[in-house]
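Structure record follows, encoded as structure tokens.
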Amino acid sequence: MTDLRSRFLEGMSRAATFVAVATTDGPSGRSGVTISSLTSVSADGDHPSLLACIHHRSPAAAAILGNRAFCANLLHESQESVANLFAGRDGQDRATRFDQISWSAGLIGQPMLDQATARFECKLATVLLWETHYIIVGNVVGVDLSDETAALLYGQRAYRKAVGLG
């Protein structure tokens, strides 16, 4: 099984994905975590919806479940330091992360990170615990778009920038 896990991790490292920070604020506290598993579910229905996967031991997951709302902040290619901050790579105290960046509260009070290329404010729609991760589906209630469209990518175990092929 270890070999299967190692090969799975190596295979998935070869897929570049955009980097986002899921943030939340409310009665269960303010929290945020860097995620690479974020995708649209649908643009149709009562609200557009998106899906995020967050480790079940993450304090941010517990806060999102308690607050029943979150913001998916799609990071700009210049925000590598923000990704590292919310991934806990710099050893900073979780409680001071929001003091180190610029952000504002969205329509429903969720932390929207300044300079993110897109910010999707969501109300929690459904949650499924799948082994080690929560699969969280949010109904999008607001979208804020930056004039800067270049998203930060992660692939082959490093941050990347998108470049055109022709």
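For the list (1) assigned to a strand (DSSP E or B); (2) farther than 28 Å from Ala43 by Cα; (3) hydroxyl-bearing (Ser, Thr, Tyr), I need the number of the one condition that Thr96 fails.
Status for Thr96: all satisfied but (1).
Which residues, counting only those in the range 130-148, are surrounded by 11 or more Cβ atoms within 10 Å (Cβ to Cβ) and either modelled with pLDDT under 95 or more than 21 Å from Trp103 (Cα to Cα) (or both)?
His133, Tyr134, Ile135, Ile136, Val137, Asn139, Glu148
Considering only the range 27-58, state which residues are farther than 24 Å from Lys161 by Cα and surrounded by 17 or more Cβ atoms within 10 Å (Cβ to Cβ).
Arg30, Ser31, Pro48, Ser49, Ser58, listed by residue number.
Given the criteria on the phi < 0 side of the Ramachandran plot and without any contact (Cβ under 8 Å) to a residue 60 or more places away in the chain, does Ala95 qualify?
Details: on the phi < 0 side of the Ramachandran plot: yes; without any contact (Cβ under 8 Å) to a residue 60 or more places away in the chain: yes.
Yes; evaluated as a whole, the condition is true for this residue.
Out of the range 15-46, which residues are of a type in the set (D, E, K, R) and modelled with pLDDT of 95 or more?
Within the range 15-46, Asp25, Arg30 meet the criteria.
Restrict the check to the range 139-147 and report whether at least one residue is within 18 Å of Pro59 (Cβ to Cβ) and of a type in the set (Val, Ile, Thr).
No, the range 139-147 contains no residue that is within 18 Å of Pro59 (Cβ to Cβ) and of a type in the set (Val, Ile, Thr).
The values are calculated or read from the model by the stated rules, or taken from the named source; none is laboratory data. Note that the structure is predicted; figures quoted are calculated from it, not measured. FYI the Cβ positions are ideal-geometry reconstructions off the backbone, even for glycines, and counts take in every protein chain you see.
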